[in-house]
1. Whole number in Å², please: accessible area per residue of the chain, 1.4 Å probe, ligands, DNA and RNA not counted.
2. With angles folded into 0 to 90 degrees, how steeply does helix 115-127 sit against the dominant principal axis of the chain? Use alpha carbons for both and round to 10.
3. How are the Cα pair distances of segment 53-130 distributed, in percent, across 10 Å bins from 0?
4. Compute the angle between helix 81-90 and the longest alpha-carbon principal axis of the chain, please, reported from 0 to 90 degrees and rounded to the nearest 10.
5. How much net charge surrounds residue 103 when only other residues with a Cβ under 13 Å from its Cβ are counted (Lys, Arg +1; Asp, Glu -1)?
6. Helix 14-26 versus the longest principal axis of the chain: what is the Cα-based angle in degrees, 0 to 90, to the nearest 10?
7. Given Cβ point charges of +1 (Lys, Arg) and -1 (Asp, Glu) and nothing else, what value in debye, to the nearest 20, does the dipole of the chain about its Cα centre take?
8. First select every other residue whose beta carbon is under 10 angstrom from the beta carbon of residue 71; then total the charges, Lys and Arg +1, Asp and Glu -1.
Amino acid sequence: MSDDGDDRVDGTDGMALALRLAAGVEAGERETDALAVVDEATGVEPTADGAFAYAIDRDETRLAEVAVHPDRIHVEFLTAPDRAAGAAADADLRVRPKAVRPPRTLVFVESPDEIEAALDVLDAVAGTLE
C-alpha cells in the first residue's frame, strides 16, 4: 500500500488511517516491534465494506488484516479474537465479533487519536503468542 504522494492534512480518511497504523507497526518502539506489515495491496480503493490493504504478522503467524473504508479502517483479528475484543473494549474502540469459523473480531479505527489504542490491541494479541 502506498501513499501515492497524497498528503492528507487531517488524517481522518481510511487511507490515511491505514498508513498511520502501518507506520506505527513498523516504528519498532513497542511490543509491536516484533510485528510486520505484509502482503500490502497496491492501488487500494476504499469501499463501504472495506478493501484489503495489508496484513500484520508476527513470526509468520497472521495476527490481523487491515481493510480500508472511505472514512475509517477495520482491523480483523484472526489470532486471539477474544483477547482482541477485550483489549479493544478496554481502549474504547468500536468492536464486534465476526460470525465465521474460526471466529474473528473486527476492531474499528475511526480517527487518528485511535491509532495508539489500535496498536495497544495489537500488542495484547501479540502477547498471546509468547
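1. Values: 6590 Å² over 130 residues.
It amounts to 51 Å² per residue over the chain.
2. Helix 115-127 and the main axis of the chain meet at about 30 degrees.
3. 20, 59, 21, 1
4. Rounded to the nearest ten degrees, it is 70.
5. Details: positive: 83, 96, 98, 101, 104; negative: 76, 82.
Every neighbour counted, the sum reads +3.
6. The angle comes out near 50 degrees.
7. On the way: 12 positive and 30 negative charges, 144 e Å.
Around 700 debye, computed over the chain.
8. Details: positive: 72; negative: 13, 110.
That works out to -1.
The values are calculated or read from the model by the stated rules, or taken from the named source; none is laboratory data. Treat the numbers as computed from the prediction; the structure is a model and nothing was measured. Ideal geometry is used to build each Cβ from the backbone, glycine not excepted, and the neighbour counts take in all protein chains shown. Heavy atoms of the whole protein, side chains included, go into the accessibility calculation; ligands, DNA and RNA do not. Shrake-Rupley method; radii C 1.70, N 1.55, O 1.52, S 1.80 Å.
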